[in-house]
Amino acid sequence: MKTTLGNSRNALGLLFLAPAALLLLVFLSYPLGLGTWLGFTDAKVGRPGVWVGLENYEFLWGDEVTRLALFNTLVYTVVASVFKFGLGLWLALLLNRNIRLKTFFRAIVLLPYIVPTALSALAFWWIYDAQFSIVSWALVKLGLIERYIDFLGSPWNARIAVIIANVWRGVPFVAITLLAGLQTISPSYYEASAIDGATRWQQFRHVTLPLLTPIIAVVMTFSVLFTFTDFQLIYVITRGGPLNATQLMATLSFQRAIPGGALGEGAAIALAMLPFLLACVMFSYFGLQRRKWQQGGGD
């Protein structure tokens with residue numbers, strides 16, 4: 001009787017999971033398989049193409065623009081992720097305190113994340129405009145600079161500008177997620193450590209950080225994945241310029257495949273991102289979520 005009931009429950013569960021599995025198969029597995037196939041062909045827009053093996057990857061290995069895009073992507077991802085984590089953790093700790101209007105400030109922190117990416121990018125595009133920049137105007141009025149800053153005309157200025165835009169948009173996701181993790185930590189840990197004479201820094205280091213590490217692992221994995229594959233922000237603000245200084249792997253893949261018509265080459269660039277994304281996930285799983293990290297000591 002129990003076995004029959006268990007089997008029926010399993011069958012019912014599989015029945016409920018079938019639609020979601022079908023959607024994943026159609027909208028994830030099929031594009032991934034097609035992209036993998038195209039990466040090994042010389043397909044063009046309007047032409048199926050033939051199998052060329054590793055020729056696309058050999059070409060990309062020697063392509064200066066692709067190497068520059070990889071460098072830009074790594075710099076963009078590492079710098080933005082570090083700042084998003086630092087600012088997000090600081091905001092989470094601040095919002096976790098008993099301060100006035102705490103709910104209001106939590107809602108305000110979410111605003112950059114809920115605004116559509118294209119609108120955020122357009123706003124930053126105006127902020128960075130060479131002639132109408134509010135930042136340059138304010139600095140000139142304060143007497144700190146004599147002429148407007150060319151935010152998007154200089155390679156490193158443009159890199160810093162898009163990183164700031166990404167940090168502004170990504171900090172709320174990190175902050176709210178870490179805040180949710182902080183809410184799960186029992187106050188009794190802090191009370192016990194305070195009785196033992198622990199300072200605020202010691203409480204953070206030996207209580208908060210070890211217990212928050214599993215949440216940090218998850219949120220930073222998603223943050224790095226979203227940053228590494230960022231497209232909209234870069235495409236709207238700079239289109240990869242100037243001189244490909246902000247060209248990322250995602251934007252380069254799109255430009256080579258769609259406007260450029262080289263579907264095989266664009267697919268190969270997209271597939272070249274997979275090892276880096278896989279490395280990020282594996283680092284999170286085998287590194288940040290190890291038991292000795294979670295407990296602040298040995299296994």
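Read-outs throughout are calculated quantities, based only on the coordinates presented, and are distinct from any laboratory measurement. Being a predicted model, the structure only gives us computed values, none of them experimental. A quick note on method: Cβ atoms are made from the backbone with ideal geometry, for glycine too, and the neighbour counts reach across all protein chains shown.
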Original post:
Under a Cβ-Cβ cut-off of 13 Å, what is the net charge of the residues other than Ala198 that fall near it, where Lys and Arg count +1 and Asp and Glu count -1?
Top reply: 0
Original post:
Any idea how far the Cα center of the stretch 60-135 sits from the one of the stretch 231-282, in Å?
Top reply: 19
Original post:
So how many Å³ per residue does the convex hull of the Cα atoms of the stretch 124-168 work out to?
Top reply: 71
Original post:
Under the rule of -39500 (n - 2.57) per DSSP H run of 4 or more residues, summed and divided by the residues of the chain, what mean residue ellipticity at 222 nm is obtained, to the nearest 500 deg cm²/dmol?
Top reply: -22000 deg cm²/dmol
Original post:
Ranked from highest to lowest mean number of other Cβ atoms within 10 Å per residue, what is the order of the peptides 171-180, 202-211, 185-194?
Top reply: 171-180, 202-211, 185-194
**OP:** Collect residues whose amide H, placed 1.01 Å from N in the peptide plane, falls under 5 Å from the amide H of Thr41; neighbours closer than 5 in sequence don't count.
**Re:** Val52
Original post:
Cα-based Rg (one decimal) and Dmax (whole number) for the stretch 171-253, in Å?
Top reply: 19.3, 59
**OP:** Could you tell me whether the stretch 1-120 comes out rounded, prolate or oblate from its Cα gyration tensor? Rule is a ≥ b ≥ c as square roots of the eigenvalues, rounded for a/c under 1.5, then prolate if a/b exceeds b/c, otherwise oblate.
**Re:** oblate
Subject >> Environment charge of Ala268, counting only residues whose C-beta is closer than 12 Å and scoring Lys/Arg +1, Asp/Glu -1 >> reply: -4
Original post:
Rg and Dmax of the chain over Cα atoms: what are they, in angstrom?
Top reply: 23.9, 84
**OP:** For a quick protection proxy, order the peptides 116-122, 219-225, 236-242 by their average other-Cβ count within 10 Å, most packed first.
**Re:** 219-225, 236-242, 116-122
